[in-house]
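Heads up, the thing below is written out as structure tokens.
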Amino acid sequence: HTECYNNLVSSYFLQESEPQLSQAEKQKQSIQEVRRSLPIFPYREDLLAAIREHQILVIEGETGSGKTTQIPQYLLEDGYTEGGMKIGCTQPRRVAAMSVAARVAQEMSVKLGNEVGYSIRFEDCTSERTILKYMTDGMLLREFLTEPDLASYSVIIIDEAHERTLHTDILFGLIKDIARFRPDLKVLVASATLDTERFSCFFDDAPVFRIPGRRFPVDIYYTKAPEADYLEACVVSVLQIHVTQPAGDVLVFLTGQEEIEACCELLQERCRRLGSKISELLVLPIYANLPSDMQAKIFNPTPPGARKVVVATNIAETSLTIDGIIYVIDPGFCKQKSYNARTGMESLIVTPCSRASANQRAGRAGRVAAGKCFRLYTAWAFKHEMEETTVPEIQRTNLGNVVLLLKSLGINDLIHFDFMDPPPHETLVLALEQLYALGALNHLGELTKLKWNFCYLLITDYPLSDVVTVIYKCSEEILTIAAMLSVNNSIFYRPKDKVVHADNARMNFVVPGGDHIVLLNVYTQRLAFKVNGYSTQWCFENFIQFRSMKRARDVRDQLEGLMDRIEVELCSCNGESVPIRKAVTAGYFYNTARLSKGGYKTVKHQQTVYVHPNSSLFEEQPRWMIYHELVFTTKEFMRQVIEIESGWLLEVAPHYYKNKELEDSSSKKMPRKQGKAREELG
Ligand code: ADP
Ligand code: MG
């Protein structure tokens, strides 16, 4: 105890004796040193000259060379923000936009949100003073709606172009177009060392500026046989590295939040058991929904004697650079959206990543010194089971919202839109059909009721149809539900050691009708408590994630603001279930599933689907339901389901469903009986 106390005292004195100012000065100095040490720095002048000379420039550079953080600052120093013009830089990922903006604000010693800011969906951290704006590619797309020529920007940087997200691909087409009539606009397409020739080709042979990387050799190890359980294999590999390998941090690539949390828990648990037999191991997760203060932790330098393990999604592949990584563990998987244009079904599937991805991952080990990459798959699998590159998102996703957006911008001829890689024809046709079915397009393929379509786009990626709020008079409730759905299934907290308590708490919120109504109930109950000022405590006691609730409230406020702006009056059905369920049916009628022998089948395509075990309707088994989304894990699960009546489908979508399709064969055989039995049970 004495020793510990002494340590505390001496560090206290140390801090006291060094004046605060010099500390800050020192930090500033070292930040400038880091800036000057980045691979891009020697090319600053050449780069600026190339930008002056060409309107469109493709920039290729190894991850970590300084593209994202430095180029906007160079441009600013070179006068591109004079006259109040802005520099915009897009990122495919929310986390990257936030984190990079924070870093640049720090480098420039300004407060985040002033000169340097970021804008991501439902979160705008910018102000009138903002001249460097980092944003998701989706947000820049939205800006086209209010400023079709992007007149307030002098430079647009499409960063991480190699990721080829849907939004980035659409931006390519739109920006190439406006560059023609805005000769003063500079366009920079920045990418890791992938695909740059193709970008150059697409942008009428724009020159490619290459930033030579500095990269140390990385030894690659494969497993002899395939791993049955890659999560466990990751944990074991981390511990082996920790015990047998020289100093250096570890980066593990997993596919999503659940896996990452499980891996972190396992690691911590085993370290606890090993106790003082091993040196300190800092385990840090990073994924999109992680609160930003936790995200920032991955960048903290590792204390001497300890080792850091960052467990990440493929966000750490190229979007974020973590210094000090020497070891990479790559199980070879990623979560990918896939779309079946025949059935119209979109699902998130864990699939083997591409060889290009695997090589990027390995590269993360060789940034500061020679490194090692442990691939948890065989060399044979690398050669034969992985695709060369990742298929661009535009070819494996539902295009409904993009079509709506392009139509809102007055681009009617989608077949001839300047796509870098056009989407499959049937996907485009299906999107048009769905929008027609929703009433967003008329029979000529033109937008109907522009105001409302605007609203769709702005509000949410999900089509909460106009019928919804107008006819059923429940916009208050629908806004709440939309906000609650927007936080990605993170409302209920279910810690591993308190599963029973958590599930009981959750059961207390269950009301008939389905998960949407349950979410509404949670939100309403919390409001009632907030009045009394108990909300954190209340969330804690009820196993509700406070942060998610807070976010849902922010989202709801924004949605309400939007409704106000487009002058739509809000109305409430006082929480009555039928209007709400009808409204959801109106927006999602094509996501209908029906109970048939042995399980559920989608109505239009007869695909077998399952109710997610976390759903409030898991045991109930109503005959008809609408799902919010499908996720494929072990099976095709419907997540967030709501009970409906088949008759409603004819009411809200007579153009989509025929009477015959909705005939309930089972109800003919046993009329009422089942319903009655359920009443008795209930
Ligand atoms: P690129 O875009 O070329 O991949 P970046 O500009 O993102 O490179 O990163 C350049 C360097 O800036 C990194 O190597 C790292 O040293 C530093 N850096 C970037 N983001 C952060 C951060 N959030 N915290 C600390 N350092 C960072
Ligand atoms: Mg970058």
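Looking only at segment 303-333, residues that are within 23 Å of Thr351 (Cα to Cα) and within 16 Å of ligand 1 (Cβ to nearest atom) come to 10 in all.
For a quick check of your reading: which helices (runs of 4 or more DSSP H) sit entirely within segment 218-325 and have at least 3 residues that are in contact with a strand residue (DSSP E or B) (Cβ under 6 Å, 6 or more places away or on another chain)?
Of the helices (runs of 4 or more DSSP H) lying wholly inside segment 218-325, those with at least 3 residues that are in contact with a strand residue (DSSP E or B) (Cβ under 6 Å, 6 or more places away or on another chain) span 230-244, 257-274.
In the set Arg396, Arg355, only one residue is under 24 Å from Glu227 (Cβ atoms) and charged (D, E, K, R); that residue is Arg355. Quick check: anything in segment 256-270 under 26 Å from Arg355 (Cα atoms) and over 31 Å from the mean Cα position of the chain (by Cα)? Within segment 256-270 (the criterion being under 26 Å from Arg355 (Cα atoms) and over 31 Å from the mean Cα position of the chain (by Cα)), the answer is no, since none of the residues qualifies.
Within segment 28-53, restricting attention to residues that are away from ligand 1 (no atom under 12 Å from the Cβ) and of a type in the set (S, T, N, Q), the residue that is nearest to Arg180 (Cα to Cα) is Gln32.
A count restricted to segment 70-102 and to residues that are within 16 Å of ligand 2 (Cβ to nearest atom) and either in a helix (DSSP H, G or I) or at positive phi (or both) stands at 15.
Within segment 195-215, the residues that satisfy the criterion of being within 19 Å of Leu48 (Cα to Cα) and of a type in the set (A, V, I, L, M, F, W, C) are Ala206, Val208, Phe209, Ile211. Tell me which residues, restricted to segment 176-191, are surrounded by fewer than 22 Cβ atoms within 10 Å (Cβ to Cβ), outside any loop (DSSP other than H, G, I, E, B) and not charged (D, E, K, R). Residues satisfying the conditions are Ile178, Ala179, Phe181.
This table checks each residue for (1) within 13 Å of ligand 1 (Cβ to nearest atom); (2) over 19 Å from the mean Cα position of the chain (by Cα).
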| residue | (1), (2) |
| --- | --- |
| Cys89 | yes, no |
| Ala105 | yes, yes |
| Asn114 | no, yes |
| Leu140 | no, no |
| Phe144 | no, yes |
| Ala161 | yes, no |
| Arg180 | no, yes |
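Please specify each residue of segment 311-332 satisfying the condition of being of a type outside the set (Ser, Thr, Tyr), within 12 Å of ligand 2 (Cβ to nearest atom) and buried (at least 23 other Cβ atoms within 10 Å of the Cβ).
Initially, segment 311-332 is screened for residues of a type outside the set (Ser, Thr, Tyr), giving 311-312, 314-317, 320, 322-326, 328-332.
Checking which are within 12 Å of ligand 2 (Cβ to nearest atom) leaves us with 315-317, 320.
The answer is Ala316, Glu317, Leu320.
Just so you know, in segment 200-217 the residues that are within 16 Å of ligand 1 (Cβ to nearest atom) and farther than 19 Å from Arg361 by Cα include one that is surrounded by the most Cβ atoms within 10 Å (Cβ to Cβ), and it is Ile211. With the structure loaded, tell me whether Thr126 is buried (at least 21 other Cβ atoms within 10 Å of the Cβ), of a type in the set (S, T, N, Q) and out of contact with any Pro (no Cβ under 9 Å at 6 or more places or on another chain) or whether it fails that test. Criteria met by Thr126.
If I filter segment 380-398 down to residues being touching a residue at least 60 places away in the same chain (Cβ under 8 Å) and not in a helix (DSSP H, G or I), which single residue comes out as farthest from Ser347 (Cα to Cα)? Steps first, answer last, please.
So the first thing to find is which residues in segment 380-398 are touching a residue at least 60 places away in the same chain (Cβ under 8 Å), and the list is 381-382, 389-390, 392-394, 396-397.
So of that shortlist, the ones also not in a helix (DSSP H, G or I) come out as 389-390, 392, 396-397.
Numbers: Thr389: 20, Thr390: 16, Pro392: 16, Arg396: 10, Thr397: 9 Å.
This residue is Thr389.
The single condition among (1) in contact with a Lys or Arg (Cβ under 6 Å, 6 or more places away or on another chain); (2) closer than 17 Å to Asp515 by Cβ that Ile580 does not satisfy is (1).
For Ala105, state whether it is small (Gly, Ala, Ser), more than 12 Å from ligand 2 (Cβ to nearest atom), free of Cβ contacts under 8 Å to residues at least 40 places away in the same chain and in a helix (DSSP H, G or I).
Values: small (Gly, Ala, Ser): yes; more than 12 Å from ligand 2 (Cβ to nearest atom): yes; free of Cβ contacts under 8 Å to residues at least 40 places away in the same chain: yes; in a helix (DSSP H, G or I): yes.
When the stated conditions are applied, Ala105 passes them.
Remark: Ile56 falls outside the filter, which requires a residue to be under 16 Å from Lys186 (Cβ atoms), within 11 Å of ligand 1 (Cβ to nearest atom), surrounded by 18 or more Cβ atoms within 10 Å (Cβ to Cβ) and modelled with pLDDT of 95 or more. For segment 409-439, a residue qualifies if it is touching a residue at least 40 places away in the same chain (Cβ under 8 Å) and surrounded by 19 or more Cβ atoms within 10 Å (Cβ to Cβ), and the qualifying residues are Met420, Thr427, Leu430, Gln434, Leu438.
Scanning segment 192-213 for residues that are within 16 Å of ligand 2 (Cβ to nearest atom) and part of a loop (DSSP other than H, G, I, E, B) returns Ala192, Thr193, Leu194, Asp195, Gly213.
The values are calculated or read from the model by the stated rules, or taken from the named source; none is laboratory data. Here the structure is a predicted model, which is why all the values come from computation and not from measurement. Here the Cβ is made from the backbone with ideal geometry for all residues, glycine too, and neighbour counts use every protein chain on show.
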